[in-house]
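Take a look at the structure set out below.
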Amino acid sequence: MGDGKIDTGQLMLAKAIDPERIESIKAGIIAAVAGIAVSLVFVGLDSLSVLAQPLSQSVMFEAIQRVAVAAVCGFLFGVTYRYIVRQDQNPHLRSGAVGAFALTRGLSQLENVDLSALVLSGVVSLAIPLVESFGLFLAIRLVLDFGLKQQWLKPFMTMPTQDSR
């Protein structure tokens with residue numbers, strides 16, 4: 001230990017507390033909280049349509065599940081978004097990140113829908129998951145952009161490669 005060599009335990013600890021990882025976790029947590037807030041709004045709006053019915057355990061479980069999924073998706077988006085935008089001000093990167101996550105989440109919710117049984121009202125119900133997903137990730141993006149602007153978060157720093165040294 002005292003021979004000046006770094007053992008693997010010290011190396012793993014140094015990597016675990018890497019400032020970039022801490023910033024990514026901060027971005028993920030901020031995005032998860034924003035995702036929860038947006039999801040609660042969507043759940044609240046959705047519950048307006050079923051106010052005439054008593055609140056059942058299955059409805060409550062579904063609401064909790066939706067909020068939890070939004071939190072996880074928000075966390076993953078926050079971590080990824082920080083890496084995507086880095087220090088680049090290109091709006092296409094920012095919009096592309098929102099579009100990619102929203103389409104992936106929204107279209108995956110439509111995977112088990114029987115398209116042959118759809119009528120006009122069913123087409124509208126197909127659009128709801130997509131609209132919610134775009135709303136969710138756009139709101140999270142705005143919160144993250146605000147956090148970066150306020151310097152609550154630091155943009156990901158691009159490290160030079162071995163070849164460029």
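Readers should treat all values here as calculations from the given coordinates under stated rules, not as data from a laboratory. Note that the structure is a prediction, hence the values are computed from the model and not measured. Note: ideal-geometry Cβ built from the backbone for every residue, glycine included; neighbour counts use all protein chains shown.
Overview of values
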{"item": "Efficiency of FRET between ARG66 and TRP152 - r from beta-carbon atoms, R0 30 angstrom, step 0.05", "result": "0.65"}
{"item": "Per DSSP, loop chymotrypsin sites (Phe, Trp or Tyr not before Pro) in region 17-96 with at most 13 further Cβ within 10 Å", "result": "none"}
